[in-house]
Amino acid sequence: METAGMIRDMVAFYKGNTHDINHFLKVYAYARTIGGLTGLDSGTQRTLEAAAIVHDIACPLCREKYGRADGALQEKESAPLVRAFLSPYSLPAEMVERVVFLVCHHHTVAGVDGLDWRILLEADFLVNAEECRMTSQQRQSACEAFFRTEAGKELLAMEDPSADA
Ligand SMILES: [Fe+2]
């Protein structure tokens, strides 16, 4: 499976930025897990895992170029970086284009047209909720707004540190 090589190359890409490295590894793990629990077909799972690995690829460039890396800037800068990163892996061309699309829309919750997009949103939010110490109320709002898989909703509730309080 090409994901092992992609993960190694993504770790190298982040040049020792352990926040970025830890973030993408966690998003990958949640995406893979939710995809598995949801029963994705193998092509969709493969697309989702590749997208999760590369989803924040534009962050270093955006921080350098603009001094920040908000969603709109990432969506603007990601496409050529994703294509260049994926070029050694011989993925089918339509899969590369779907990964590019997903990375360019991973801050967009409207118009979600597939489980790969849905699960990438859920996995990224799960990790951001933990990293940003979101409240149960913030989790609940997100859950209602764009969590749709049973596995994603279940993980969001289980991950909440205040759930047992
Ligand atoms: Fe992210």
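Looking at the stretch 95-106, which of its residues are charged (D, E, K, R) and not in a helix (DSSP H, G or I)?
So the first thing to find is which residues in the stretch 95-106 are charged (D, E, K, R), and the list is 97-98.
The answer is none; no residue qualifies.
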Given the criteria modelled with pLDDT of 95 or more, over 19 Å from L126 (Cβ atoms), basic (K, R) and within 16 Å of the chain's Cα centre (by Cα), does R32 qualify?
no
Give the number of residues within the stretch 107-129 that are within 13 Å of the ligand (Cβ to nearest atom), free of Cβ contacts under 8 Å to residues at least 60 places away in the same chain and part of a helix (DSSP H, G or I).
4
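Do you know which of the residues in the stretch 1-49 that are of a type in the set (D, E) and not in a helix (DSSP H, G or I) is farthest from L61 (Cα to Cα)?
From the stretch 1-49, those of a type in the set (D, E) are 2, 9, 20, 41, 49; that's our starting set.
Narrowing the set further to residues that are not in a helix (DSSP H, G or I) leaves 2, 41.
Values: E2: 25, D41: 33 Å.
Taking the candidates together, the pick is D41.
Could you check, for the stretch 82-92, whether at least one of its residues is within 23 Å of R148 (Cβ to Cβ) and either away from the ligand (no atom under 16 Å from the Cβ) or open to solvent by 50 Å² or more (accessible area, probe 1.4 Å) (or both)? Spell out how you get there, then give the answer.
Just the residues of the stretch 82-92 that are within 23 Å of R148 (Cβ to Cβ), to begin with: none.
No: the stretch 82-92 contains no residue that is within 23 Å of R148 (Cβ to Cβ) and either away from the ligand (no atom under 16 Å from the Cβ) or open to solvent by 50 Å² or more (accessible area, probe 1.4 Å) (or both).
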So A72 fits all but one of (1) free of Cβ contacts under 8 Å to residues at least 60 places away in the same chain; (2) under 21 Å from T18 (Cβ atoms); (3) open to solvent by 60 Å² or more (accessible area, probe 1.4 Å); what number is the exception?
(2)
Listed residues E49, E2; which is touching a Lys or Arg at 6+ places or on another chain (Cβ under 6 Å) and among the charged types (D, E, K, R)?
E49
Answer yes if at least one residue in the stretch 51-63 is modelled with pLDDT of 95 or more, under 13 Å from D124 (Cα atoms), of a type outside the set (V, I, T) and not in a helix (DSSP H, G or I), and no otherwise.
yes
Which one is nearest to the ligand (Cβ to nearest atom) among residues in the stretch 41-58 that are over 13 Å from W117 (Cα atoms) and within 13 Å of the chain's Cα centre (by Cα)?
D56
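Within the stretch 119-129, is there a residue that is modelled with pLDDT of 95 or more, open to solvent by 70 Å² or more (accessible area, probe 1.4 Å) and closer than 24 Å to D41 by Cβ?
First, the residues of the stretch 119-129 that are modelled with pLDDT of 95 or more: 119-129.
Still in the running and open to solvent by 70 Å² or more (accessible area, probe 1.4 Å): none.
No: zero hits.
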Does L61 meet the test of being within 14 Å of the ligand (Cβ to nearest atom) and either among the aliphatic types (A, V, I, L, M) or open to solvent by less than 10 Å² (accessible area, probe 1.4 Å) (or both)?
no
I'd like the full set of residues that are in contact with a Leu (Cβ under 6 Å, 6 or more places away or on another chain) and either open to solvent by 10 Å² or more (accessible area, probe 1.4 Å) or away from the ligand (no atom under 16 Å from the Cβ) (or both), limited to the stretch 1-39.
Y30, G35
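The values are calculated or read from the model by the stated rules, or taken from the named source; none is laboratory data. Please read these numbers as outputs of a predicted model, since none were measured by experiment. A quick note on method: Cβ atoms are made from the backbone with ideal geometry, for glycine too, and the neighbour counts reach across all protein chains shown. Surface areas here come from the heavy atoms of the whole protein model, side chains and all, with no ligands, DNA or RNA. Shrake-Rupley method; radii C 1.70, N 1.55, O 1.52, S 1.80 Å.
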